[in-house]
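K.L.:
Would you mind keeping the following structure in view while I ask a few things?
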Amino acid sequence: MAHLTSDLSDELVQILVSPRLKEYSVHKNLIRSICPFFDNGFDGRFRAGMENKMFLPEDDPDTFGIFVNWMYARHLRHDLRPMQIINVCIFAQKYQCQKLKNDAMDALQDALFVHIDFPVPLNYEEVARIFDDTIDIPNSLQYFAVALLAWEISHGDPSNMKYLERILREVDDSLMSVLKYSRDNEIVSDPRIRGDEFPICAFHDHTGDSQSCASAPTVYETYSSSSSTSDPSSP
């Protein structure tokens, strides 16, 4: 909390998001400390820094609102849907927010592990979004999606194969990426589980980090640990 307080000041900036220019007011020092993009943008040498106002007409207000909440809370909301998390990850890539991108990858792993609304963990729309070649998609996000599709092929419910086939047939590059991944990985494991076959930070970007990854254990590990602790027969 002390670290957050030190990033706050009386000076606020306005950020106008989407073509409708939805307005957000945030602390200038805080948002500059979060992402290089906003640090440079609100530098006094540029118009946004002099006017304390920035326009982001191409961005989604829902995603930006999630970013603002994360920026003050220092964690993502726990009620986010997978597509919202995917959009946050893409937003973080666009604006060079490495910590947000890593937090979003953890959140996506957990969300897809504990709650699935479709026959396969990533539905058609989500996979199509991740493989959209018109935007800058984080490599870690595509790598995760490919690993999860490969796992679903080898371990998923056979009754869901038609849905999975549609994804691989219609989403450009998904099939070839999965085939290459399966060829290069003799053992296909569930990428939603951090700390098992996949290291805790397997889908993170730690470029330039001086500290070790402080990511929390996966939901699976937490559940397993609490179950064994509460089981009287456990040693």
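Please treat every number below as a calculation from the coordinates, not as lab data. Remember, it's a predicted structure, so these values are computed and weren't measured experimentally. Cβ atoms come from the backbone with ideal geometry, glycine included; neighbour counts cover every protein chain shown.
K.L.:
With θ set to phi - 60° and the Karplus curve 6.51 cos²θ - 1.76 cosθ + 1.60, what are the ³J(HN,Hα) couplings of segment 54-70 in order, to the nearest whole Hz, using x for Gly and Pro?
P.N.:
9, 10, 10, x, 8, 9, 8, x, 4, 5, 5, x, 5, 4, 4, 4, 4
K.L.:
List the trypsin sites (Lys or Arg not before Pro) in segment 123-226 that DSSP assigns to loop (not H, G, I, E or B) and whose Cβ has at most 16 other Cβ atoms within 10 Å. Which are they?
P.N.:
Loop-located and lightly packed - none at all.
K.L.:
In addition: In what order do L100, L108 fall by count of nearby beta-carbon atoms within 10 Å, going from fewest to most?
P.N.:
Lowest count first: L100, L108.
K.L.:
Once you sort the root eigenvalues of the Cα gyration tensor of segment 75-206 as a ≥ b ≥ c, which label holds: rounded (a/c under 1.5), prolate (a/b larger than b/c) or oblate (the other case)? List each step's numbers first, then the result.
P.N.:
Details: a/c = 1.44, a/b = 1.36, b/c = 1.06.
Judged from the Cα gyration tensor, segment 75-206 comes out rounded (a/c under 1.5).
K.L.:
Does segment 12-73 classify as rounded, prolate or oblate by the C-alpha gyration tensor (a ≥ b ≥ c root eigenvalues; a/c under 1.5 gives rounded; else a/b over b/c gives prolate, otherwise oblate)?
P.N.:
It is oblate, given that a/c is not under 1.5 and a/b is not larger than b/c.
K.L.:
While we're on this one: Relative contact order (percent) for segment 12-73, with alpha-carbon contacts under 8 angstrom and 6 or more residues of separation?
P.N.:
Once divided by the residue count of segment 12-73, the mean separation gives 39 percent.
K.L.:
For segment 143-207, which GluC sites (Glu not before Pro) pass both filters: DSSP loop (anything but H, G, I, E, B) and at most 16 other C-beta atoms within 10 Å?
P.N.:
On the way: sites: E152, E165, E170, E186, E197; in loops: E186, E197.
The qualifying sites are E186, E197.
K.L.:
Using P(r) over Cα pairs in 10 Å bins from 0, in percent as the read-out, say which of (1) 7, 27, 28, 20, 9, 7, 2, 0; (2) 8, 33, 37, 17, 5, 1; (3) 7, 28, 32, 20, 11, 2, 0 was calculated from these coordinates.
P.N.:
(3)
K.L.:
Now for a different question. Positive end of the charge dipole of segment 17-121 (Lys, Arg +1 and Asp, Glu -1 on Cβ, about the Cα centre): tell me which of F42, Q96, Y24 has its Cα farthest that way.
P.N.:
Result: F42, furthest along the dipole toward the positive end.
K.L.:
Relative contact order for segment 122-223: what percent, with Cα pairs under 8 Å and sequence separation of 6 or more?
P.N.:
Normalised by residue count, the contact order of segment 122-223 is 27 percent.
K.L.:
Please list, by residue number, everything in segment 48-82 whose backbone N is under 16 Å from a paramagnetic label point 7 Å out along Cα→Cβ of T134.
P.N.:
Backbone N within reach: 58-60.
K.L.:
How high is the relative contact order of the chain, given as a whole-number percent (alpha carbon pairs under 8 Å, six or more residues apart)?
P.N.:
It rounds to 14 percent for the chain.
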